[in-house]
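Single-structure report; data block below.
The values are calculated or read from the model by the stated rules, or taken from the named source; none is laboratory data. Bear in mind that the values here come from a model prediction, so they are computed numbers and not experimental data. Here Cβ is always computed from backbone atoms with ideal geometry, including for glycine, and neighbour counts include all displayed protein chains. For accessibility, only protein heavy atoms count, side chains too; no ligands or nucleic acids. Shrake-Rupley method; radii C 1.70, N 1.55, O 1.52, S 1.80 Å.
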Amino acid sequence: MKIEDFKEYVKMRQPLRTEEIHRFMNEMSNEARRITFRLNTAYHTPDEVRELLSELFGYRVPQSLRVFPPFYTDFGKNITLGEEVFINACCHFQDHGGVFIGDGCQIGHNVVFATLNHGFSPEDRKTTYPAPIVLGKNVWVGSNATLLPGVTIGDNAIVAAGAVVTKDVEPNTVVGGVPARLIKTIDR
């Protein structure tokens, strides 16, 4: 299996349960751990951080990207970042289903991007189901927030610290809580 084939497959949100898919996911996980261990165990200049993330993601990341390690991912090849993105320390990207972060986004400490869910019934519990997480432009995600599979967060929205986002967030709104709910609209 090639990365392009895997990305096309997860776009269809099909279950990840074949031996071929599991073998591929394990290979990618091993590669992601190898690179993130290098990233997270020593000081690196901002340019060196971007070089390591480019290796991890499989494309040249924007020069405007700022990431404060440690940075964690168990896949690494399905993260797409816009310009002027900032990711603070200790964020976790479970990116099998795809994480798309628009221009100007700010991600607080210890944010979790979870793009896989398990089957609900006991006999299906070991099967995972991918769904992408999409952040529009200028989204601010507060520390310790968790974004669940399939959510889209609209332009200029704010996710409060500690929120658990289980459904889409409208543009120009502030959400918070568990599960996240509308707190207010941002006047423009």
Single unsatisfied condition, Ala157 versus (1) out of contact with any Lys or Arg (no Cβ under 6 Å at 6 or more places or on another chain); (2) open to solvent by 20 Å² or more (accessible area, probe 1.4 Å): (2)
Only one of Val85, Val112 that is open to solvent by 30 Å² or more (accessible area, probe 1.4 Å), in contact with a Leu (Cβ under 9 Å, 6 or more places away or on another chain) and aliphatic (A, V, I, L, M): Val112
The stretch 1-50 - residue that is touching a residue at least 60 places away in the same chain (Cβ under 8 Å), more than 18 Å from Ile133 (Cβ to Cβ) and in a loop (DSSP other than H, G, I, E, B) and, of those, nearest to the chain's Cα centre (by Cα): Pro15
The listed residue being without any contact (Cβ under 8 Å) to a residue 24 or more places away in the chain and either of a type in the set (D, E, K, R) or under 20 Å from Ile87 (Cα atoms) (or both), out of Ala160, Ala145: Ala160
All positions within the stretch 151-188 that are under 12 Å from Val139 (Cβ atoms) and of a type in the set (A, V, I, L, M, F, W, C): Val151, Ile153, Ala157, Ile158, Val159, Val165, Val169, Val174, Val175, Ile186
Some residue of the stretch 111-126 being closer than 22 Å to Lys11 by Cβ and among the acidic types (Asp, Glu): yes
Qualifying residue in the stretch 41-52 (condition: more than 20 Å from Asn88 (Cβ to Cβ), at pLDDT 95 or above and either open to solvent by 20 Å² or more (accessible area, probe 1.4 Å) or among the aliphatic types (A, V, I, L, M) (or both)): no
